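*Asks:* Dropping the structure in here first, questions after.
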Amino acid sequence: MRFVQPVLAYMLLGGTLAACGGGGVLDPGAGDDPGTGSLTLQVDADVNARPIVANADSEESFTTEFHVRVQKDAVDVTAGTVTVRSRGGDVALVYGGDNRWHGAQAGYWEVYELAVEAGADFVDGVRVDGPALHYFSAPLPGATLDSLVAQSITWKRGEAADQTTLDTDKIDELAIPDTGTFSLPAGSLKSKADGVEQERIRIERHATVIPTGAIAGSQMRVSVRNEVEVLVQATGL
């Protein structure tokens, strides 16, 4: 009976909201929810959206992967059900040999909700209202940059994310403020002395919720990455 009533309530709520034109619990802006649970499971859940094309600017231009590790008493949970819900539908995850449950979904739907059930142990209704999509306004795809000088990186986004990182092929996960602009220091791009080099500049933005129905150390994180491909001119050095 534990799952019947919440599901029924969710269906009724969804129908009511649809009828009056309002937003649902999985619509952007719905907000976070730490959910409920038996306080017996440790859950480490990642929702990772990646662009299908460089500098993607629409939900349909992304693919989203789900990776969830579930443990009880420090032992991996390999049986039961792990489900991620979004406006794109429900995805039942499959346990893999790397001690994690995996799944994927076309598009990036921003709001994701997690449910885990393993016998009497459960975590349910953990919802993350993830970052809105972002895309680069500078540099533009195919631009030629000089690695010996600082480069202005700008991106368009909605509300600021909880955490934001920037990567190139030369630097890894540099924490930056999500202000929409950043001065990339000289020397941060891969280059060579006698020819043009290809580079990718990537910005990844994260939102995290700590489930209240799981044990300490649990989290659910939604991340969206976008990237732009550029050229780096020869340094002559």
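The values are calculated or read from the model by the stated rules, or taken from the named source; none is laboratory data. Here the structure is a predicted model, which means the values were calculated and not measured. Note: ideal-geometry Cβ built from the backbone for every residue, glycine included; neighbour counts use all protein chains shown.
*Asks:* Would you kindly identify the strands (runs of 3 or more DSSP E) lying entirely within the range 118-237 that contain at least 3 residues that are among the acidic types (D, E)?
*Replies:* 121-129, 197-209
*Asks:* Within the range 169-177, is even one residue of a type in the set (A, V, I, L, M), surrounded by fewer than 14 Cβ atoms within 10 Å (Cβ to Cβ) and over 30 Å from V128 (Cα atoms)?
*Replies:* no
*Asks:* What is the number of the single condition among (1) more than 18 Å from A214 (Cβ to Cβ); (2) over 19 Å from the mean Cα position of the chain (by Cα) that Y108 does not meet?
*Replies:* (2)
*Asks:* Here's something else I'd like to know. Taking the options T181, T165, name whichever one is surrounded by 12 or more Cβ atoms within 10 Å (Cβ to Cβ) and within 21 Å of T144 (Cα to Cα).
*Replies:* T181
*Asks:* Considering each of G236, G142, G195, G130 in turn, give the residue that is within 20 Å of F66 (Cα to Cα) and either buried (at least 19 other Cβ atoms within 10 Å of the Cβ) or not hydrophobic (A, V, I, L, M, F, W, C) (or both).
*Replies:* One residue alone meets the criteria, G130.
*Asks:* Pick from A214, A207: which is under 30 Å from V123 (Cβ atoms), surrounded by 19 or more Cβ atoms within 10 Å (Cβ to Cβ) and over 19 Å from the mean Cα position of the chain (by Cα)?
*Replies:* The unique qualifying residue is A214.
*Asks:* Restricting to strands (runs of 3 or more DSSP E) lying wholly in the range 1-88: which have 3 or more residues that are under 13 Å from D124 (Cβ atoms) and at pLDDT 95 or above?
*Replies:* Those strands (runs of 3 or more DSSP E) span 81-86.
*Asks:* Report yes if some residue within the range 123-139 is touching a Leu at 6+ places or on another chain (Cβ under 7 Å) and under 21 Å from S58 (Cβ atoms); otherwise report no.
*Replies:* yes
*Asks:* Here's something else I'd like to know. Might you let me know whether the range 64-75 holds any residue that is closer than 16 Å to V224 by Cα, touching a residue at least 60 places away in the same chain (Cβ under 8 Å) and either crowded, with 21+ Cβ neighbours inside 10 Å or polar (S, T, N, Q) (or both)?
*Replies:* no
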